[in-house]
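Peer 1: If you scroll down you'll find the structure; I have some questions about it.
Taken together, the values in this text are just the output of simple stated rules run on the coordinates, not laboratory data. This is a predicted model, so every value here is computed, not measured. In this analysis, Cβ positions are derived from the backbone assuming ideal geometry, glycine residues included, and neighbour counts consider all displayed protein chains.
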Amino acid sequence: MNDRRGSITVDRNTCVVCGACAAACPAEALVVEGLSLVIVPERCRPCGIAALVCPTGALACPGGK
């Protein structure tokens, strides 16, 4: 199941909630809360960095570079 908020798409079946994307996001638009990845859409600036660092390929950022 994909979860779309802003321009980031997260495949919840693939995401292992490792936190790599949250650590890399310069806008702090991704936050790990417990066992969940939370997207803060108003902070997202579709740069694509989070998708690049995701080890499972669970993130997609169509607007990213």
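Peer 1: Using the Karplus curve 6.51 cos²θ - 1.76 cosθ + 1.60 with θ = phi - 60°, what ³J(HN,Hα) values do you get for each residue of the range 7-17, in whole Hz, with x for Gly and Pro?
Peer 2: With coefficients 6.51, -1.76 and 1.60, one gets 10, 8, 10, 10, 8, 5, 7, 9, 5, 9, 6 Hz.
Peer 1: Between (i) 22.4, 74; (ii) 10.1, 30; (iii) 27.1, 92, which matches Rg and Dmax of the Cα atoms in Å calculated for the structure shown?
Peer 2: (ii)
Peer 1: At 7 Å along Cα-to-Cβ for each site, give me the label-to-label distance between Val38 and Thr56 in nm.
Peer 2: Once both label points are built, they end up 2.0 nm from each other.
Peer 1: The range 10-59: which GluC sites (Glu not before Pro) are DSSP loop and have at most 13 other beta-carbon atoms within 10 angstrom? Show your work: numbers first, answer last.
Peer 2: On the way: sites: Glu28, Glu33, Glu42; in loops: Glu28.
Those satisfying the criteria are Glu28.
Peer 1: Loop-only check: which trypsin sites (Lys or Arg not before Pro) in the range 1-60 are DSSP coil with at most 14 other Cβ within 10 angstrom?
Peer 2: Here the sparse-neighbourhood loop sites are Arg12.
Peer 1: Near the amide H of Val38, under 5 Å away, which other amide H atoms are found, from residues 5 or more places off or on another chain, if H is placed in the peptide plane?
Peer 2: So Val38 has HN proximity to Val31, Val32, Glu33.
Peer 1: Only helical DSSP H runs with n ≥ 4 go in: add -39500 (n - 2.57) per run for the chain, normalise by residue count and round the 222 nm mean residue ellipticity to 500 deg cm²/dmol. Walk me through the numbers on the way to the answer.
Peer 2: Numbers: 2 runs with 10 residues, N = 65.
So the calculated ellipticity at 222 nm is -3000 deg cm²/dmol.
Peer 1: Can you give the relative contact order of the range 2-60 as a percent, counting alpha carbon pairs under 8 Å and 6+ residues apart? It would help to have the intermediate numbers written out before the result.
Peer 2: Numbers: 96 pairs, mean separation 23.9, N = 59.
41 percent.
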